[in-house]
Each structure stands twice: as structure tokens, then as C-alpha cells.
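These notes are about the structure you will find just below.
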Amino acid sequence: MKITNKKAEELWQDKLAGNISENEEKALKEFLLSNPEKAKELKDLEQTWDLFEEIERPEPSDSMNARFEGMMAAYVEKQKEVRPNVLDWIVAQMTKSWQVGLASLAMGLFIGWWMLPSQDQKQDIAQLSSEIQSMKEMMMLTLIEQPKAQERIRAVNMAAEMPKADEKVINALISTLNHDDNINVRLASLESLLRYADEPDVRHALVDALKMQESPLMLVAIADVLVAIQEKSSVDAMEKLKENTEDEFVKEKLNESIETLKNT
Amino acid sequence: MNLLEDHSLMLKVKEGEVEKLNLLYKRYSRRFFGFFYGMTNDGATSEDLVQNVFMRILKYKHTYKENGDFEVWAFQMARNVHHDHYRKNKRYAFQEDMNPYEERLSENINQEVEMEKSDELNYLQKALANLSEEKRELIELVRFQKVKYAKVAEMLGVTESAIKVRVHRILKELRESYIKMDV
């Protein structure tokens, strides 16, 4: 091993640190024997190095440990507090910066655009809603045949909720208006028919209903509906009914309705 | 890998098991205290700085690397804590107060050898205090805290050989300095 002054200094430090191999130590010893000046220098420095051992340092106080424990406890507690609700975090981020807010808005618009139904989807939706409509009609027509008045009223109300009733439904309502045994069901169907009063068939059916009904309550209700829809062609039917009925209240109501229809 | 090794413990702390820091504190707090005391010569300040190191360890735990070395990383943090403190306070006024030695001196009043040694020690400490911050830090790490040369070299970003050369020069400087005091 070739030893220079610099190498000797390094090996000597390894020796002080207890980190020198047997061969290195031997080589260093040999080098120092033939270099007494360097040997003296290193020996002197070793004495200084050893002297450090004598330097006394105070011990930390107990309060240092207590402070560390306090710091740890506070840290753990704080972690618990800040363990965030993800939603809170998102809202906080969004309100913190307008750039993030703007980016979220852009993303929302994109998702909205992306989810917007295409033409095909629109057709599918239209088909689906017409299928639902026919199912509702079928249900209504079934319900209206039920023995319980309550069920039949449900059927009649269901017809009123349909956006567009077909002939079958209207006929079922007219038939119910004229033939149902229960006056409440008949009144409910009159109310539902009012919704389709724009249909000429419905108007005719309402006028004809004056001839079919016997109950004064129904006759008064029908007369009110005819006035409401301004069905002037019903005046003749009302005149006839007035002559045939013996109920004074109905007669009076019919007079009023005839007057109203004639004067408006 | 030994689960109780510093490195394994610090990885656990990084993953969120912060209570594992207790064991690292037990192993390192006295060394950090010694390091800071050597640098500041002030016990209360040193305790504050030890506290700062552990606070930083918690704060920056996510930066600890999978292949890291806790001793290097933590002492690096201690050095940074000290640099910050030093910048704020500029230079320390090293106390001339050498009470422990004087006490020891009085105990051994009749022992010439001991007295001579105490004088020498006294001068050495003064010489140490007069070293630049950088030099004192190096002696503190390798001599007092017994951090291996290779690790100190890693901390300072130089070769191990360069560290040895520096230490050698500092020792010479110190020796010359305290011998002058003795004259």
C-alpha cells in the first residue's frame, strides 16, 4: 500500500474512529516510523482528539420530554380535526379560487352536453312515454270496470291526468257519466270530461247527458259545465228538460243557464 | 428489515403511525440536544431546537425516502434548524462561565495534573467556541455525535476523503489555538 502524507492523515482518522483494517494499521505504522515528523503531528492531534472526551455537556431537563409529549398529543389531536370530509374539501377548494370554480363550471357544462340525449335517444324516450301512456289507459279502462266506487273514481281521475286521451278513454268516461250507479263516480267523470271539452264528441255527449241523468245534483252540475264551456247548442235540450222536470231547484238552475248562454 | 430500525420506524411515521416517533425521540433527542448545545452553548435554546427538529420531522415526514437513512436525514434537519436559528440570532455570545470545571478544579485543588488538564480543557473549549460555525458543526457531528464520516459526507455533499482532510485541518487549528492560550 502506497502511503502519502494525505493518506496517512485519513488512515489515522479511521483509526481514531475505530474503523481501520489490520493491514491498513500496519501500513500506517510503518509509514509513521519512517516519517517521525508526521508521526509527532498525528500523535499531538490524537491527544487533542482524546481531550474532547473530557468535555462535559449538561443533560437536557425533564421538561424537554414533557414538551415533546405535549407536541405529539397536540399533533394527533389536530390530525383528527383536519381529517376532512371530502365534500367539505371540494367546496373549500372551489370557493378558495375562482379558477377552480370556473374549471368546475366548464366541466359541469361538458358533462351536461355529453349526457344530453341524442336524436336516437329522443325517439326512444318518445316511444317509451307512449308505451307508458297506453299502459295507463289500459289500467284506467280496467279500473273503471271495478265494482268498488273508489276504484272507479281512481280510474276517472287517472283519465283526467292523461295529457291526451284517446277515443276509448273518452267513451269510457261518457259511459261512466251516464250509467254509473254511484253519483260520486258520475260527478268525477263529469269533471274529467271537462278537460276534453274542446272535443266536439265530448260536447255532444255532455248535451246528451242532460237527457240521460235523473239526479237533480247531476243535472245542475252538467248545466254548470255547459255554461262554462259555452255550449249554446245545449239550450234546446235544457228547454225540453225544463218542461219535463218537476224539481223546482233544477228548473230555476236551467232558467239561469239558458239566460246566461243566450246572453253571452 | 428489522422493524425496530430507525429507518423502518420512520417509514411507519411517514405512513401515519406518528406514535412511532416516540421511539426515535428516545434514541435521538439527547444527541440532538448535545449537537445544539455544542453549537449554541445554551441549554434552554438547545431544548427549543430539539423540539423544532421533531416538529419538522412530523411536518416533512412525506419527504422521507424509501431508501433513506434516518440518521442522515434527521441530522440534516437538525443542521437546518440550527442554521435558521443562527441566521435569526447572528452570533452567539459564548459564556465565559465555566462553573463545572471550576468546581471540579476546587475538588482537585491539590492535584497538579488534574489542574493542568482542566486548564487545557478550558482552552480547548474556548478554541472550539472561536471556530467558525461551519467548522464547529463538523467537529460536533464527527467527534461528539459520532456520526460516521461517510454519512457526514452525504449530508454535506462531499467525498468522505474531503471530510477527513477538513477534520484534520480543524484539529490542527484548534490545537495551535489553545496552545497559544497556554503561553
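The values are calculated or read from the model by the stated rules, or taken from the named source; none is laboratory data. Note that this is a predicted model, so its numbers are computed, not measured. For neighbour counting, all protein chains shown are included, and Cβ atoms are generated from backbone atoms with ideal geometry for every residue, glycine included.
Here region A:1-35 is the region considered, the condition is being among the small types (Gly, Ala, Ser) and at negative phi, and the residue that is nearest to the other protein chains (Cβ to nearest Cβ) is A:17. Close Cβ contacts (under 9 Å, 6 or more residues apart or on different chains) running from residues in region A:36-64 that are touching a residue at least 24 places away in the same chain (Cβ under 8 Å) and more than 8 Å from every other protein chain (Cβ to nearest Cβ) to residues that are surrounded by 11 or more Cβ atoms within 10 Å (Cβ to Cβ) and among the polar types (S, T, N, Q) comprise A:38/A:5. Filtering B:33, B:94 for residues that are in contact with a helix residue (DSSP H, G or I) (Cβ under 6 Å, 6 or more places away or on another chain), modelled with pLDDT of 95 or more and of a type outside the set (Lys, Arg) leaves a single hit, B:33. When restricted to residues that are assigned to a helix (DSSP H, G or I) and surrounded by fewer than 18 Cβ atoms within 10 Å (Cβ to Cβ), region A:17-34 contains 8. Screening the candidates A:232, A:211, A:242 for the property of being more than 23 Å from residue A:192 (Cα to Cα) and touching a helix residue (DSSP H, G or I) at 6+ places or on another chain (Cβ under 7 Å) yields one hit, A:242. Number of residues in region B:22-79 that are free of Cβ contacts under 8 Å to residues at least 12 places away in the same chain and more than 13 Å from chain A (Cβ to nearest Cβ): the value is 3. Do we have residue A:84 as away from chain B (no Cβ under 14 Å) and modelled with pLDDT of 90 or more here? For residue A:84, the condition - away from chain B (no Cβ under 14 Å) and modelled with pLDDT of 90 or more - is not met. Please verify whether residue B:101 is among the hydroxyl-bearing types (Ser, Thr, Tyr), modelled with pLDDT under 90, under 25 Å from residue A:5 (Cα atoms) and outside the structural domain of residue B:25 (by TED's automatic domain parsing), treating the condition exactly as stated. No; evaluated as a whole, the condition is false for this residue. The set of residues in region A:163-193 being aliphatic (A, V, I, L, M) and part of a helix (DSSP H, G or I) consists of A:169, A:170, A:172, A:173, A:174, A:177, A:183, A:185, A:187, A:188, A:190, A:193.
When you check residue B:72 against the structure, is it surrounded by fewer than 20 Cβ atoms within 10 Å (Cβ to Cβ), more than 19 Å from residue B:17 (Cβ to Cβ) and touching a Lys or Arg at 6+ places or on another chain (Cβ under 7 Å), yes or no?
Working: surrounded by fewer than 20 Cβ atoms within 10 Å (Cβ to Cβ): yes; more than 19 Å from residue B:17 (Cβ to Cβ): yes; touching a Lys or Arg at 6+ places or on another chain (Cβ under 7 Å): yes.
For residue B:72, the condition - surrounded by fewer than 20 Cβ atoms within 10 Å (Cβ to Cβ), more than 19 Å from residue B:17 (Cβ to Cβ) and touching a Lys or Arg at 6+ places or on another chain (Cβ under 7 Å) - is met.
When region A:35-66 is filtered for residues that are surrounded by 11 or more Cβ atoms within 10 Å (Cβ to Cβ), among the charged types (D, E, K, R) and assigned to a helix (DSSP H, G or I), the ones remaining, listed by number, are A:38, A:40, A:41, A:43, A:44, A:46, A:54.
Please enumerate the residues belonging to region B:125-135 that are more than 12 Å from every other protein chain (Cβ to nearest Cβ), surrounded by fewer than 17 Cβ atoms within 10 Å (Cβ to Cβ) and either touching a strand residue (DSSP E or B) at 6+ places or on another chain (Cβ under 8 Å) or of a type in the set (Lys, Arg) (or both). Don't jump to the end; show me each part of the working.
Step one: list which residues in region B:125-135 are more than 12 Å from every other protein chain (Cβ to nearest Cβ), which gives B:130-135.
Right, trim to surrounded by fewer than 17 Cβ atoms within 10 Å (Cβ to Cβ) and you get B:130, B:132-134.
The answer is none; no residue qualifies.
Using the structure shown, decide if residue A:185 is under 47 Å from the mean Cα position of the chain (by Cα) and hydrophobic (A, V, I, L, M, F, W, C). Talk me through it step by step, then tell me what you get.
On the way: under 47 Å from the mean Cα position of the chain (by Cα): yes; hydrophobic (A, V, I, L, M, F, W, C): yes.
Judged against the criteria, residue A:185 is a match.
Residue count for region A:113-152, restricted to those that are under 28 Å from the mean Cα position of the chain (by Cα), part of a loop (DSSP other than H, G, I, E, B) and among the polar types (S, T, N, Q): 1.
Put simply, of B:172, B:146, B:164 the only residue that is at the interface with chain A (Cβ under 10 Å from one of its Cβ atoms) and outside any helix (DSSP H, G or I) is B:146.
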